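Enquirer: Quick one: this structure, given as structure tokens, is what I'll be asking you about.
FYI, it's all coordinate maths here, none of it is from the lab. All values reported here derive from a predicted model rather than from experimental measurement. Note that each Cβ is placed from the backbone with ideal geometry, even for glycine, and that neighbours are counted across all protein chains shown.
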Amino acid sequence: MKARKIKIIAVIAALLIIVSLWVILSPVLKEKLLLHKKYEKASQIAVGFIRDKYGFDAKVTGIEIEAFLKQYDEPECADNVSVTMLMKYGDKEFKVNTGVYNGVPYCRDDYQADQIIMAAEKYISGLFPDGSITELEIGSPTFDTYKHHYFRCFNEYFIGDDIENYINNCNGSLDIIFADRTFSEKDIENFPDGFDVELISFDTEEHRNDFLDSIYHTYTIDGEEYIISPISISYEDFTAYINDYLANIDGEMIGLDTRFS
């Protein structure tokens with residue numbers, strides 16, 4: 001009888017432990033289940049978008065940005081939703097950013113990003129054959145708060161030509177370095193308002209090259225040479241050699257005296 005009583009007490013204790021753990025863990029488990037549900041919805045949206053845009057079925061391999069995922073279906077959060085899915089088709093890995101803004105769903109991806117940026121670089125180099133591009137980022141327009149966050153993601157299919165018209169529907173960031181050049185507003189009239197454009201001229205070719213050498217770093221690993229592009233560019237040590245400057249930043253024209261006064 002005593003052994004049976006002990007057994008019953010042990011069972012009750014075990015049940016109390018299980019109930020206590022459930023009370024503690026249930027919010028976490030519930031959130032995990034909700035995240036999984038939102039993940040599934042975002043996955044379906046991303047797969048459908050890629051199928052409609054490119055005509056193939058890609059596989060979702062993971063999720064990159066999960067910060068807004070738990071709010072994905074909540075109406076009060078409809079203006080602040082963004083999920084980035086990791087995807088793969090064949091050997092190519094890419095991303096799809098999907099969400100809702102002002103109640104309107106959107107999708108964009110970076111499957112064609114390298115092709116688009118290469119075409120844009122060729123087009124811009126044709127406009128400025130005497131310049132050196134130090135920064136070029138392009139992406140489909142986003143809501144203002146995240147204007148630069150989704151560069152390299154596009155909602156429209158790029159057919160491979162007419163890059164001029166294509167980038168007229170994009171946001172972008174462009175820096176070009178020159179030697180002994182003067183600028184006018186005509187130099188940047190080919191770019192839409194969504195493009196932040198900076199044109200910088202150094203007084204001599206030598207100073208321009210010195211500046212370029214200062215921002216690019218070359219490394220050799222196992223006999224292979226790699227050029228590392230700058231994350232950010234500073235003109236602090238070279239301002240004395242800048243003879244002209246013109247920029248259009250967020251629709252505002254900025255000249256030499258304003259930028260380097």
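Enquirer: So if each residue of separation counts as 0.36 nm, and I subtract the Cα-Cα distance between residue 222 and residue 88, what length gain in nm does that give? Each step should come with its number before you reach the end.
Expert: Details: separation 134, 0.36 × 134 = 48.24 nm, distance 2.96 nm.
Net length gain for the segment: 45.3 nm.
Enquirer: So between residue 156 and residue 182, what do we pick up on full extension, going 0.36 nm a residue minus the alpha carbon distance?
Expert: Result: 5.8 nm gained on full extension.
Enquirer: What order do you get for 186, 59 when you list them from fewest to most C-beta neighbours inside 10 Å?
Expert: 186, 59
Enquirer: Okay, next question. Quick one: which of 199-205, 118-124, 171-177 comes out on top by average Cβ neighbours within 10 Å, and what's the full order, highest first?
Expert: 171-177, 199-205, 118-124
Enquirer: Note down the nm distance, to one decimal, between modelled labels 7 Å out along Cα→Cβ at residue 165 and at residue 238.
Expert: 3.7
Enquirer: Once you have the Cα-Cα distance between residue 253 and residue 56, take 0.36 nm times their residue separation minus that, and quote the gain in nm to one decimal.
Expert: Gain on extension, residue 253 to residue 56, equals 66.6 nm.
Enquirer: According to a simple spin-label model (label point 7 Å from Cα along Cα-to-Cβ), what is the distance in nm between residue 212 and residue 133?
Expert: Roughly 1.4 nm, to one decimal.
Enquirer: Where nothing but the Cβ of Lys and Arg (+1) and of Asp and Glu (-1) is charged, how large is the charge dipole of segment 113-259 around its Cα centre, in debye to the nearest 20?
Expert: Dipole magnitude for segment 113-259 comes out near 320 debye.
Enquirer: Applying 1/(1 + (r/R0)^6) with R0 = 35 Å to the Cβ-Cβ distance of residue 40 and residue 122, what FRET efficiency is obtained, to the nearest 0.05?
Expert: 0.30
Enquirer: Rank 221, 191, 201 by how far each Cα sits towards the positive end of the charge dipole of segment 113-259 (+1 on Lys, Arg Cβ; -1 on Asp, Glu Cβ) and give me just the farthest.
Expert: 191
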